[in-house]
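The values are calculated or read from the model by the stated rules, or taken from the named source; none is laboratory data. All of these numbers come straight from a predicted model, not from anything done at the bench. Please note: Cβ atoms are built from the backbone with ideal geometry, for glycine as well, and neighbour counts cover all protein chains shown. Heads up: the accessible areas ignore ligands, DNA and RNA and are worked out on the full protein's heavy atoms, side chains in. Shrake-Rupley method; radii C 1.70, N 1.55, O 1.52, S 1.80 Å.
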Amino acid sequence: MKDPEEFRRAAVERIRADVPGRAIVAASGGIDSTVAAVLAQQAIGERSRALFVDTGLLRTGEVERVRGIAKACGLAIEVVPAAERFLASLEGVTNPEEKRRRVGEAFIRLFEREAERSGATHLVQGTIAPDWIESGGQLRDTIKTHHNVGGIPKDFKLALVEPLRDLYKDEVRALAHHLGVPDPDRQPFPGPGLAVRVIGPVTAERVAVAQRANAIVEAEVEAAVAAGSMKRPWQYFAVLLPVRSVGVLGDNRVFGEVVSVRVVDSVDAMTATSVALPGELSRRISERVTRELAGTVTRVLYDVTDKPPATIEWE
Ligand code: XMP
């Protein structure tokens, strides 16, 4: 993408040509889908309806954050509460690809229902190049099925509109800057949400632990960035592992949960390097997680693996 304005104009024209009637927009509050939603709104105005699905797999404060982002760029976003439906669809599932498939399908069925309600024939998504490349595009091996690509069933009733599918993250960020989307450099959050950061079974209780651990990692890293002791990393989060570990609480033995902290730098998410935390930051995160989740989390690990050979998310 050479010139964001040129790209914007062409994308708006294309959406207008592709969508003769009404469309719904899958808006997650992330950069990609927010940019896609803004383009759709510019192209077809009120014929587009941006939906933000509260999957129950979101980070603490996400709904409010997304409302704020939408407001700042003049997007009318509707919040669709669906936590029970998503958690139910994940019951008993531990296989990462199966989790992605179930979450994808729950999104799809919900979008079909909402499209029917509003008479929409098209679904606008913020799919970008790495999403479909790593989902097995162009005869590549499937690294992981991104929910907005591989989760789409053959009998899907809506036509897909993906204005960003040839762009990489840095290009989408440049476009976001151009469109006035707030904080375009904020960290990405995966579509399947905490389902892929709760390794093993996804229950409401385990999601709540991952939410609290994630909030601590985000707060501590952002405090370190604000204090100037590190530059803002590409992504920083916590993962709840499917192993238990012995700890002590007062005089008692606790057979608790284990959390891994992951902080990486990247340019386009295709490769990434693990970031070494400055000073006492990892100790502080560990101390807060085990104190604020005392009796639940007994051990905190730090993931030092690059991508490749690992991926950024654990699943
Ligand atoms: P991985 O884990 O494949 O992640 O190295 C690359 C980047 O993509 C994000 N990610 C996703 N984003 N839907 C998304 O929109 C997904 O299903 C998904 N899975 C991973 C991940 O957070 C990282 O930024």
The listed residue being among the polar types (S, T, N, Q) and over 23 Å from LYS157 (Cα atoms), out of THR94, THR121, THR127: THR94
If you check VAL161 against the conditions, is it surrounded by 18 or more Cβ atoms within 10 Å (Cβ to Cβ), more than 30 Å from CYS73 (Cα to Cα) and more than 12 Å from the ligand (Cβ to nearest atom)? no
Which numbered condition in (1) touching a strand residue (DSSP E or B) at 6+ places or on another chain (Cβ under 7 Å); (2) of a type in the set (Asp, Glu); (3) buried (at least 19 other Cβ atoms within 10 Å of the Cβ) is the only one that ASP303 fails? (3)
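Taking the condition of being surrounded by fewer than 20 Cβ atoms within 10 Å (Cβ to Cβ), in contact with a strand residue (DSSP E or B) (Cβ under 7 Å, 6 or more places away or on another chain) and closer than 18 Å to ALA36 by Cβ, how many residues in segment 92-130 meet it?
Here is the first cut: in segment 92-130, the ones surrounded by fewer than 20 Cβ atoms within 10 Å (Cβ to Cβ) are 92-98, 101, 105, 109-110, 112-114, 116-119, 121, 129-130.
Next, only the ones that are in contact with a strand residue (DSSP E or B) (Cβ under 7 Å, 6 or more places away or on another chain) stay: 110, 114, 118-119, 121.
Still in the running and closer than 18 Å to ALA36 by Cβ: 110, 114, 118, 121.
So the count comes out to 4.
Looking only at residues in segment 220-236 that are under 21 Å from the mean Cα position of the chain (by Cα) and not in a loop (DSSP other than H, G, I, E, B), which one is farthest from the ligand (Cβ to nearest atom)? Spell out how you get there, then give the answer.
Initially, segment 220-236 is screened for residues under 21 Å from the mean Cα position of the chain (by Cα), giving 220-222, 232-236.
After this cut, where a residue has to be not in a loop (DSSP other than H, G, I, E, B) as well, the list is 220-222, 235-236.
Details: GLU220: 19, VAL221: 15, GLU222: 17, GLN235: 6, TYR236: 11 Å.
Applying the filter and picking the extreme gives GLU220.
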Which of the following residues is free of Cβ contacts under 8 Å to residues at least 12 places away in the same chain and either among the β-branched types (Val, Ile, Thr) or under 20 Å from GLY119 (Cβ atoms) (or both): ALA40, ALA10, ALA26, ALA17? ALA17
Would you mind telling me which numbered condition in (1) under 23 Å from the mean Cα position of the chain (by Cα); (2) more than 14 Å from the ligand (Cβ to nearest atom); (3) open to solvent by less than 30 Å² (accessible area, probe 1.4 Å) ARG262 fails? (2)
Pick from segment 290-315, criterion more than 20 Å from SER245 (Cα to Cα) and without any contact (Cβ under 8 Å) to a residue 24 or more places away in the chain, ranking: nearest to the ligand (Cβ to nearest atom): ALA310
